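Comments concern the structure below.
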Amino acid sequence: VNARPHRDEVMPAPREAVTDETALSIRFWGVRGSIPAPRAETVDFGGNTPCLEVTAAGRRFIVDAGSGIAALGATIAGEDVSRYDILLTHLHHDHVTGLFFFRPIFRPGVHVAIHCGNLDGETAEAPLRRLYSPPLFPISFEDVAATFSFHGFRAGEALDFGPAVKVGTCLLRHPSGATAYRFDCGGRALAIITDIEHAGPAPDPEVADFVRNCDLVVYDAMFLAPEYPACQGWGHSTLEAGVELCRVAGAKRLAAFHHNPTHDDAVLAERERWLEGQLPGSFIAREGMTLRFEAREPVAAPAAAPAGERRTAR
Ligand SMILES: [Zn+2]
Ligand SMILES: [Zn+2]
């Protein structure tokens, strides 16, 4: 039995100092790709599908609403916050299956803004309404307490969330496309690159530019290199391609993400040993991990929250 705890107390990479000067933080609520994979053999790394909580200068962003968002929602269910921004990478089931299990949507007075960039400017409203209505789901958007707004943009455009944080986006090579997000705040930067299939042996120059000099790149490393040829065209990448991308772009650390549901803890732990030798400080993302990045430059004052909204710091 591997009794090693997999929550915050175990950090495979050196954790940034935790200070009041935190510019950026990221917490992994779901790290698994394609389908939840809960079993004894995946308990170290976790079985929930993608959900990331990014905090920039105290403002919270939720990236993807996979099954991991349920635990996030349970954790913050009682907080006094009236607006949540969910940035979707795309609409494949593993990235949206948890939306109606996000408990704050059952709290009156809550507003949820859903941002989506891979539909050529269209919003995610129609597909999400289709997914969350009978007979695919027992209730629909009209049956929950929260109000929703849907924001469509074209991946590649920057999003405006005020002067304290820059949120950049980039279109990724994936069936129906996917949106990468980059957060810059206080001289720190982190990028989320999922779901992506690398274009060839050399990294896509546009993606390399997008992650240039990032402190952390979260990367879709679903396939082992020997598995990849049989899965070419499925829209996912390898750890090797992620390491090469970081090297070319001068990005410091990689967090492997969107783990293959068939890969158990032993496989991922072995990949992590290899990864640490390639790009020191890199790691395989574990459900429950948090990383914080101390500001290196002054952080601009966050924009005042719209009337009736409270800041999301906690
Ligand atoms: Zn996926
Ligand atoms: Zn996908």
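The table that follows gives values for the structure above.
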{"item": "Using alpha carbons only: equivalent-ellipsoid semi-axes of segment 131-218, gyration tensor based, whole Å", "result": "30, 20, 10"}
{"item": "Cα Rg over Rh - segment 55-135, Kirkwood", "result": "0.95"}
{"item": "Calculated from backbone phi, Karplus (6.51, -1.76, 1.60) coupling profile of segment 113-120 in Hz, x at Gly/Pro", "result": "9, 10, 9, 8, x, 9, 10, 6"}
{"item": "Rounded FRET efficiency, nearest 0.05, which uses the C-beta distance separating E270 from F137 and R0 of 45 Å", "result": "0.70"}
{"item": "Tail weight of P(r) past 16 Å, computed on alpha-carbon pairs of segment 176-219, percent", "result": "36 percent"}
{"item": "Geometric extent, Cα atoms of the chain - Rg, Dmax (angstrom)", "result": "18.3, 54"}
{"item": "Amide H within-cut-off set for S149, under 5 Å, with H built and near neighbours excluded", "result": "V112, A113, I114"}
{"item": "Accessible-area composition of the chain, carbon plus sulfur, in percent [1.4 Å probe]", "result": "55 percent"}
{"item": "Student exercise, segment 79-188 dipole from Lys, Arg, Asp, Glu Cβ charges, in Debye to nearest 20", "result": "220 debye"}
{"item": "Fluctuation leader among F137, F101, F45 - the chain, Gaussian network, Cα springs under 10 angstrom", "result": "F137"}
{"item": "Shape of segment 77-196, Cα gyration tensor, a/c cut at 1.5", "result": "oblate"}
{"item": "Segment 180-268: C-alpha pair distances exceeding 19 Å, %", "result": "34 percent"}
{"item": "Farthest positive-ward along the chain dipole, Cα basis, beta-carbon charges - from A300, V167, P226", "result": "A300"}
{"item": "Listed residue (A77, T147, V110) projecting farthest to the positive dipole end of segment 56-172, Cβ model", "result": "A77"}
{"item": "Residue with peak Gaussian network fluctuation, the chain [Cα springs, cutoff 10 Å], from P36, P134, P203", "result": "P134"}
{"item": "5 angstrom amide H check on R59, placed H, neighbours 5+ away", "result": "none"}
{"item": "Amide H within-cut-off set for A189, under 5 Å, with H built and near neighbours excluded", "result": "D215, L216"}
{"item": "GNM result for the chain, Cα springs below 10 Å: residue of D184, D120, D44 fluctuating most strongly", "result": "D120"}
{"item": "Per residue accessible area of the chain, 1.4 Å probe, in Å²", "result": "41 Å²"}
{"item": "Segment 55-123 - charge dipole about Cα centre, Lys and Arg +1 at Cβ, Asp and Glu -1, debye rounded to 20", "result": "280 debye"}
{"item": "Convex hull volume per residue for segment 158-314, taking Cα atoms only, in Å³", "result": "138 Å³"}
{"item": "For the chain, size of Cβ-based charge dipole, Lys and Arg +1, Asp and Glu -1, in debye", "result": "540 debye"}
{"item": "Label-point gap, in nm, between Q232 and E297 - each point 7 angstrom along Cα→Cβ", "result": "4.2 nm"}
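The values are calculated or read from the model by the stated rules, or taken from the named source; none is laboratory data. Keep in mind that this is a model prediction, so the values were computed, not measured. Heads up, the Cβs are rebuilt from the backbone with ideal geometry, glycines too, and the neighbour counts pull from every protein chain shown. Quick note on the areas: whole protein, heavy atoms, side chains included, nothing else; ligands and nucleic acids left out. Shrake-Rupley method; radii C 1.70, N 1.55, O 1.52, S 1.80 Å.
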